[in-house]
1. Can you order the peptides 128-139, 26-37 by their average number of other Cβ atoms within 10 Å per residue, highest first?
2. Looking at the stretch 1-66, I'd like the Rg to Rh ratio, where Rg is from alpha-carbon atoms and Rh is Kirkwood's inverse mean 1/r.
3. Hey, with R₀ at 25 Å, roughly what FRET efficiency would Arg7 and Ala287 work out to, going by the Cβ-Cβ distance, to 0.05?
4. How would you rank 106-114, 13-21, highest first, on the average number of other Cβ atoms within 10 Å across their residues?
5. Test of understanding: ordering Asp198, Asp94, Asp232, Asp116 by Cβ neighbours within 10 Å, fewest first, what list do you get?
6. Using a cut-off of 12 Å between beta-carbons, work out the net charge of the residues near Met169 (Lys and Arg +1, Asp and Glu -1, Met169 not included).
7. Quick check on the stretch 112-242: take the gyration tensor over C-alpha atoms, sort the square-rooted eigenvalues as a ≥ b ≥ c, and tell me if it's rounded (a/c under 1.5), prolate or oblate.
8. What's the ranking of 38-44, 71-77 by average number of surrounding C-beta atoms within 10 Å, highest first?
Amino acid sequence: MSTWMMRRVSDYWDQPSGSSFEQGAIHRLSRLVVELPPVERPEALKDVERSVARHCQALDDHSLTLAAFTLADDLYRGATVLTYWDEYLKDYLDAVCSPFWAALRERGYSLQYGIDNAYQNSPTGMAGPLEWFPVWFGAAQVAYVCPQQAAVFLMESDGIDRALYHDRMEEYIREGREMARTAVTELHAERRNVVWLDTDATPGFLDEVTASFERPGVIGLVRTQPPTSGQDCALVLPPGPYPEGARIAGPSPSSRPGEHSVSENIDDTAPREDRRAPPSSRSPVPAPNVLAGVGIGLANPTWAATFLVSLAWPLLFCVYVGAFERERRDATVAHLAAKGNGNPVRTFYLVEAFTALATALPLAVVAHLIRSFVL
C-alpha cells in the first residue's frame, strides 16, 4: 500500500478550527515531501494524486459532496492563518486538489462558497484577501473572486499609486462589485468551483451568493463568521447532480492566480442571473401537522388530553423534521445564516414548533368537537 494513502480523504487537507497553519495537514504533509531527496519528490506528489483519486472513487455522491465542503472550508481556514508560501505548498495543493475537483466535476457537481468576513481596509488587514488568497486558491484550483481585489485591478489600470489603494477603495468598490458579479456569473456558467469573498459586504451580498443554491449540481456554502471563531459555515447540499445535458466533460479548468478573479470587460452591464426565492422554511400546510391535529382530536377522550397532547406535538414535530426533512432544514438554516438572523438553528426550530402548534391545535379542537357530537 502507498505510504501516501491516508485513512480518510480529508486527512490530506484537515485544518482544525483555531489551529495555527503549522498544525494543519497541508503544512505537515507538504514538509514531508520537502524532506525527501529531490529526485523522489515528483513521484511522491504523483502518489498523493493517485491516492486522493482512489479515495474519491470509493465515495458515493453524498460523501463526495460533504468532502468538497470540508476541503473548501479548510482551504479558507488555512488561507487565513498562512505564514509562508513556497513552491512545495503550491505543488502539494495541486496534487491534492486537482484529482479531487476532477472527480467532483465528473460526478456532475461544483461548489460555490460565499464568505462575508470583515477585514480592516489597511495594507496589513487586506494582505490576505488582496495578495495571498488569490495565490493560495489558485494553487488549489478554485476560482477566487473578491470585489476589493477587482477594485485594486481598476486602480492599477488607472495608474493610481499603490500607496493610495486603501484610501481610494470607496471610490472604486462599486465598479469592483460589478466586475465581481460578472466574473461569478461566467464562472457559474462554466461549472467552476468558486470562492466569493467580500471584505465589507453590502446587505444584498449573501442574497446574491445563495441565489443559485439548491439547484441541481450546486454545493452551496455560506460563512458569516471568521473561521477562527470555531463556528462552522452553513451548507446546502443539492438535490442531485447537474442534468446530463448541462454537464461539461473533462477535468476542471485550472485556476491560476490572476486568471479568475475579475472580468476583463469592465463595462459589461449585462443583467445578472434571476434570483431564486429564498428556501421556504415550511410548506403552506404541513401534512404531518394536519394529520396530527385531526388524529389528536379524534383519539383523545377528554378535552384535557386533547390540549395536553396538542401542546406536546410541536416537540414531536421538530424531532420528525430533524429526522426526515433534513434537506429542507439545512436549506432554511443556510438562508437564515446568510441573513445573520441570530442563531439560525434555534430560529428554524422555533418557527417549526410555532407552525406545528398553530396548525395542529385548532384542528384538534374541531376534530374533538366532531367526536363529541358523533359519540
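FYI, it's all coordinate maths here, none of it is from the lab. Here the structure is a predicted model, which is why all the values come from computation and not from measurement. Note: ideal-geometry Cβ built from the backbone for every residue, glycine included; neighbour counts use all protein chains shown.
1. Result, highest mean first: 128-139, 26-37.
2. Dividing the radius of gyration by the Kirkwood radius yields 1.01.
3. In this case the efficiency is close to 0.05.
4. Highest to lowest by the protection proxy: 106-114, 13-21.
5. If I rank by nearby Cβ atoms, fewest first, I get Asp232, Asp94, Asp116, Asp198.
6. -2
7. Prolate is the answer for the stretch 112-242, as a/c is 1.5 or above and a/b outweighs b/c.
8. Ranked by mean Cβ neighbours within 10 Å, highest first: 71-77, 38-44.
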